[in-house]
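Read the structure below first, then the notes.
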């Protein structure tokens, strides 16, 4: 069983990758959907199975390594520590939800659509399992390229402009990160056979000087800040979310933004501790400002997609601020919140998509009274909305409480200002619920019907996950505590 355990990181990548390539050669839309859904369920089963070995120290964190570019000191080195397991679980858990929730959506060239979706999943799995800087960069790009084509081919009327902005931002950030990776690589010591190494441990042990850390910090941070995104690198996000197909928006918002948060934790904080200590106040200030800014804009939004998009920016801003508080409780809260936020935001996107499919509109001002026509959908949405504002006993409360505690330890005033976003989140979330679901029906919402069985099942799964993590979060703490210790430099 140990031999099988060492293969889990590979299986998480190969399962969606092979299925994605298979979808490209399948001409039947029905068969392509079936392959994509079946593959996502298999990947979820693999992720659950890997959790059985989380506490087995003999498996060395479920790591595996193969020679890749040996002369360059790059190995195909992948593994699953606690944080990696949590995010691969989020990725594996999300894709079946997305495929089932959008199963009745018909796409032109569906085989290519599902093939690209699965390639994006493979890339995400690679990012979260990479233990080598070059492998990390390879999968970072692999995850982004399919999303570019998904947005540009199946997006809305303004998809070209939105996709172009998305490409320019992410490509510029990736280029800066690549420059930083190459520079740090040239400072590493090899193992005798090669001069330098891309291995994660080699990068962690590089003795960078203060000046080196300060400028390298920005090369990496800008790339990660764009991907999260946080203020002022966020402007690509609302347009891209608005113009992308619903399934792609769920991937972008629920999982892909976690690439940036994860990368800050995995690479930035351990590699440049002196630069982090120097710039923490600045980054937290930008993050807190971005939280308030995004929340205020969300309050004024009349488009459901843009409201959820700005809501996501506010939540990610809190995660970034908590990371740079450099407190154990704050960082642990971020790791927890990445998982919870992914589940909650996908739930919100599913509800938005269901409303748009039935009514043909996303304008809050044109909706109302849906609770009279779809009570089950309303109940599900209320639970997800309350989780989005971190009500106690929901999953988001745990992580958000810890993040604010970490921020409070860093600076009371930053925590107090950031706390305003809690009130603002309640304002725009409850205002949306009241205007869209309550009141009287109108000509648009009078024809709304109760959601289908598959949609009820998916939303029920999300609601169960919300309460399960909210009431019993200890397993996630146990899974990720060692990774948090390493991030903060106590385990090296």
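Listed conditions (1) in contact (Cβ under 8 Å) with a residue 24 or more places away in the chain; (2) part of a helix (DSSP H, G or I) are all met by residue 196, apart from (2).
Quick grid of which residues meet (1) modelled with pLDDT of 90 or more; (2) surrounded by fewer than 19 Cβ atoms within 10 Å (Cβ to Cβ):
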{"site": "323", "(1), (2)": "yes, no"}
{"site": "340", "(1), (2)": "yes, no"}
{"site": "354", "(1), (2)": "no, no"}
{"site": "365", "(1), (2)": "no, yes"}
{"site": "373", "(1), (2)": "no, yes"}
{"site": "384", "(1), (2)": "yes, no"}
{"site": "388", "(1), (2)": "no, no"}
{"site": "392", "(1), (2)": "no, yes"}
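Go through segment 436-469 and give me each residue that's surrounded by 16 or more Cβ atoms within 10 Å (Cβ to Cβ) and either at pLDDT below 90 or assigned to a loop (DSSP other than H, G, I, E, B) (or both).
436, 437, 441, 444, 445, 448, 451, 455
Taking segment 436-455 only, how many residues are more than 30 Å from residue 99 (Cβ to Cβ) and in contact with a helix residue (DSSP H, G or I) (Cβ under 7 Å, 6 or more places away or on another chain)?
2
Looking at 147, 184, 127, just one residue is outside any strand (DSSP E or B) and over 28 Å from residue 73 (Cα atoms), and that residue is 147.
When residue 204 is tested against the conditions (1) in contact with a helix residue (DSSP H, G or I) (Cβ under 6 Å, 6 or more places away or on another chain); (2) under 27 Å from residue 285 (Cβ atoms), the lone failure is (2). Checking 17, 37, 97, 22 one by one, the residue that is in contact with a helix residue (DSSP H, G or I) (Cβ under 7 Å, 6 or more places away or on another chain), closer than 25 Å to residue 477 by Cβ and either in a helix (DSSP H, G or I) or modelled with pLDDT under 85 (or both) is 97 and no other.
Quick check, is residue 114 on the phi < 0 side of the Ramachandran plot and more than 19 Å from the chain's Cα centre (by Cα)? Yes, satisfied.
Here's the yes/no breakdown for (1) within 29 Å of residue 156 (Cα to Cα); (2) in the same structural domain as residue 228 (by TED's automatic domain parsing); (3) touching a residue at least 40 places away in the same chain (Cβ under 8 Å):
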residue	(1), (2), (3)
321	no, no, yes
335	no, no, yes
348	yes, no, yes
351	yes, no, yes
377	yes, no, yes
412	no, no, no
418	no, no, yes
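Restricting attention to segment 182-199, the residues that are at pLDDT 85 or above and crowded, with 22+ Cβ neighbours inside 10 Å add up to 1. From the list 163, 129, 188, which one is closer than 23 Å to residue 305 by Cβ and touching a helix residue (DSSP H, G or I) at 6+ places or on another chain (Cβ under 7 Å)? After ruling out the rest, the residue left standing is 163.
The values are calculated or read from the model by the stated rules, or taken from the named source; none is laboratory data. From a predicted model like this one, the values you see are computed outputs, not experimental measurements. Virtual Cβ from ideal backbone geometry, glycine too; neighbours counted across all protein chains shown.
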